[in-house]
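Just below is one structure, and these are the notes that go with it.
The values are calculated or read from the model by the stated rules, or taken from the named source; none is laboratory data. If you're wondering where the values come from, they're calculated on a predicted model, not measured in any experiment. Please note: Cβ atoms are built from the backbone with ideal geometry, for glycine as well, and neighbour counts cover all protein chains shown.
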Amino acid sequence: KEKVEITKEQQALVKVVVEAYNRHQIPQDVAKKLLQDQYSAEENFLLLTEMATSQVQVLVEFTKNIPGFLSLDREDQIALLKGSAVEAMFLRSAQVFSKKMPNGHTEVLEERIRKSGISEEFMTPMFNFYKSIGELHMVEEEQALLTTITILTPDRPYVKDQQAVERLQETILDVLRKMCVLQHPQDPQYFARLLGRLTELRTLSHYHAEMLTSWRVNDHKFTPLLCEIWDVQ
Ligand SMILES: O=C(c1ccccc1)c1ccc(-c2nc3ccccc3n2[C@H](C(=O)NC2CCCCC2)C2CCCCC2)cc1
């Protein structure tokens with residue numbers, strides 16, 4: 001049985017990434033807001049665009065703390081951000097949805113999201129993803145590293161130096177694999193299941209443009225940042 005151990009520099013890397021991940025988080029208040037009141041589709045769409053805009057801003061700040069990210073080609077940094085923003089938003093939404101809440105609150109939250117204005121056809125894949133993330137009961141290190149792995153995906157459109165991104169991603173994959181073995185000794189497939197979620201995430205994110213334009217609102221207004229990131233309008 002090979003002895004898995006996390007090296008000193010790997011521990012330092014995880015510490016930097018987790019601290020940045022926790023620092024750059026928009027307040028969890030979107031769940032609280034949704035639990036407090038029932039909003040109209042128009043209000044929900046506005047809430048979504050506000051939350052998503054601020055989440056993209058914190059994502060940019062977060063990536064600056066990923067070791068090696070700032071030494072990548074500048075245009076490649078933009079390509080990685082643009083290519084991962086929707087996935088990072090869904091991952092964050094899934095983590096918000098899976099947070100331990102008082103009895104019955106998750107059901108209310110699910111109901112509010114189902115009635116928020118999103119088109120019916122996307123509910124099942126979206127909630128299947130949220131529940132599959134929830135079932136993993138990820139610790140915060142795993143959440144932060146999984147988001148980092150998503151950002152450091154070499155085959156995003158327009159990435160020129162894919163090898164450089166691959167090297168950074170492999171560093172994170174290696175420490176996440178070790179952490180999973182140490183954190184879930186009873187479940188040797190845990191690391192593989194974690195990465196399997198990223199495939200589900202990419203599939204879900206393929207629909208993002210239709211998901212947005214099919215919101216049952218009269219006018220789909222986006223901020224300039226979201227037009228850039230979401231390829232809409
Ligand atoms: O249609 C969507 C879309 C948008 C862009 C691209 C692709 C899909 C699309 C995208 C997320 C969610 C979505 N799933 C959620 C799960 C739990 C809690 C909130 C959730 N949300 C939205 C939200 O605010 N997400 C935040 C979460 C923090 C990080 C930034 C995003 C609200 C918005 C108010 C109405 C109800 C849902 C619901 C729907």
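Cβ-Cβ distances below 6 Å connect the following pairs, each with a first residue in the stretch 109-135 that is assigned to a helix (DSSP H, G or I) and more than 7 Å from the ligand (Cβ to nearest atom), a second residue that is among the polar types (S, T, N, Q) and modelled with pLDDT under 95, and a separation of six or more residues or different chains: Ile133/Ser98; Gly134/Ser98. From Leu201, Leu176, which residue is touching a Phe, Trp or Tyr at 6+ places or on another chain (Cβ under 8 Å), of a type in the set (A, V, I, L, M), without any contact (Cβ under 8 Å) to a residue 60 or more places away in the chain and buried (at least 19 other Cβ atoms within 10 Å of the Cβ)? Checking each option against the conditions leaves just Leu176.
If the condition is being among the charged types (D, E, K, R) and modelled with pLDDT under 95, then the stretch 201-220 contributes Glu210, Arg216, Asp219.
Residues in the stretch 179-198 that are farther than 17 Å from Thr147 by Cα and either free of Cβ contacts under 8 Å to residues at least 24 places away in the same chain or within 13 Å of the ligand (Cβ to nearest atom) (or both): 6 in all.
Here Ala85 clears all of (1) more than 16 Å from the chain's Cα centre (by Cα); (2) of a type in the set (A, V, I, L, M); (3) within 11 Å of the ligand (Cβ to nearest atom); (4) part of a helix (DSSP H, G or I) except the condition numbered (1). So which residues in the stretch 183-233 are within 26 Å of Met138 (Cβ to Cβ) and among the small types (Gly, Ala, Ser)? Within the stretch 183-233, Ala192, Gly196, Ser205 qualify.
The single condition from (1) in contact (Cβ under 8 Å) with a residue 24 or more places away in the chain; (2) under 25 Å from Tyr190 (Cβ atoms); (3) not in a helix (DSSP H, G or I) that Glu142 fails is (3).
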